[in-house]
Amino acid sequence: MKFERKEKARGLTISESWDTANNIKVNLELADTLTKGLKLTAGGGFSLQKGSKETKVGVEYNDANIASKNSLDLFKGPAITSDFVVGRDGILFGVETGLDVSRGTSPTKYNFALGYSLPEYAIACHLSNKTDTVSASYFHKVSYAVEAGGKASWERKSDNIHFEFGTKYTVDKDLFMKAKIDSHGRLGLGLTQTLRPGVKVNFAGVLDTAKLGENTHRVGLGLTLEA
């Protein structure tokens, strides 16, 4: 369950969520207030089931050719995550790094990506998990109503291959549906309906087709309110 409130004049967004695993989260965003393209974020969460908590603050910046996102997790490490993307004429290159202050100055992760993007389609290649995982993805906007995409990945150490395919169908301006299936047989379905301006309801579920008789399936319901 998710509630969201927006004050567009101030660039402020406040969201609250509570999921079936009893995780409660609150997030605040302040966008384009100090300068255009700059977003400040702060959020916290608490797990009623595990008793764990988290607090994060972040800074994001976006313009026509540069995008950067930086966050600090105060209770895990503290841990710093930073990514930077540059692009020109549809060609994109990005880097992501992570640092756990409690473990020293060596990066705990580093990932690289190279892609080419146009309004109708996009392709990308990724090196992640300290270059242990190689993946490629493709997105195609077939028409106004239909979008499709796929991703394949290979893990060098385990020699495992994983793939997933997804699609989105827009019925009209107030209703769209999504579906996704992966190589493990997990089928995800989602539906978003706009009830009236500023009010949306979301239905989602994940069905494990390889374990139909087991209690591994999930169902969710969300409500989004925008002021």
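The values are calculated or read from the model by the stated rules, or taken from the named source; none is laboratory data. Computed from a prediction, not measured in an experiment: that's the story for all the values here. Backbone-built Cβ (ideal geometry, glycine too); neighbour counts: all protein chains shown. Side chains are part of the model used for accessible areas, which takes the heavy atoms of the whole protein and leaves out ligands, DNA and RNA. Shrake-Rupley method; radii C 1.70, N 1.55, O 1.52, S 1.80 Å.
Treating the Cα atoms of the chain as identical point scatterers in vacuum, please give the log10 of the normalised Debye intensity I(q)/I(0) at q = 0.09, 0.11, 0.16 Å⁻¹, two decimals. Debye intensities relative to I(0), on a log10 scale: -0.49, -0.78, -1.92.
Other residues lying with their Cβ under 11 Å from the Cβ of VAL199 contribute a combined charge of -1, Lys and Arg counting +1, Asp and Glu -1.
Per-residue surface analysis assigns LEU212 an accessible area of about 110 Å², computed on protein heavy atoms at 1.4 Å probe radius.
Each Lys or Arg adds one and each Asp or Glu subtracts one; over the other residues with Cβ under 9 Å from the Cβ of VAL134, this totals -1. For PRO119, the shell of other residues with beta-carbons less than 12 Å away shows a net charge of -1, using +1 for Lys and Arg and -1 for Asp and Glu. The residue list ASN111, VAL95, PHE75 was ranked by how far each Cα lies along the charge dipole of the chain toward its positive end, using unit charges on Cβ atoms, and PHE75 comes out on top. If you take the alpha carbon radius of gyration of the range 87-145 and divide it by 2.2 N^0.38 Å, what ratio comes out, to two decimals? Scaled against compact globular proteins, the figure is 1.47.
Of the solvent-accessible surface of the range 127-178, computed with a 1.4 Å probe and all protein chains present, 61% belongs to carbon and sulfur.
In the context of the full protein assembly, PHE163 retains an accessible surface of approximately 110 Å², using a probe radius of 1.4 Å and ignoring ligands and nucleic acids. Taking all protein chains as they are arranged and a probe of 1.4 Å, the heavy atoms of TYR144 leave approximately 150 Å² accessible to solvent. Basic side chains Lys and Arg get +1 at the Cβ, acidic Asp and Glu get -1 at the Cβ, and with that the dipole of the chain about its Cα centre reaches some 340 debye. Karplus-derived 3J(HN,Hα) values for the range 93-108, using 6.51 cos²θ - 1.76 cosθ + 1.60 with θ = phi - 60°, are 9, x, 9, 10, 9, x, 9, 9, 4, 6, 9, x, 9, 7, x, 8 Hz; glycine and proline are entered as x. When the charge dipole of the chain is built from unit charges on Cβ atoms (+1 for Lys and Arg, -1 for Asp and Glu) and taken about the Cα centre, the candidate among LEU28, TYR144, THR170 whose Cα reaches farthest toward its positive end is LEU28.
Solvent exposure of the range 92-166 amounts to 66 Å² per residue of accessible area, where only protein heavy atoms count and the probe is 1.4 Å.
Taking square-rooted eigenvalues a ≥ b ≥ c of the alpha carbon gyration tensor, is the range 1-60 rounded, prolate or oblate, where a/c under 1.5 means rounded and, failing that, a/b exceeding b/c means prolate? Judged from the Cα gyration tensor, the range 1-60 comes out oblate (a/c at least 1.5, b/c at or above a/b).
Treat the range 133-227 as a sphere of radius equal to its Kirkwood radius over Cα pairs and apply Stokes-Einstein at 20 °C in a medium of 1.002 mPa s; give the translational diffusion coefficient in µm²/s, rounded to a whole number. Estimated via Stokes-Einstein, D reaches 140 µm²/s. Ordered from highest to lowest accessible area with the whole protein assembly present and a 1.4 Å probe, ARG186, ARG5, ARG88 read as ARG88, ARG5, ARG186.
For the options THR41, THR194, THR216, a Gaussian network treatment of the chain with springs between C-alpha atoms closer than 10 Å singles out THR216 as fluctuating the most.
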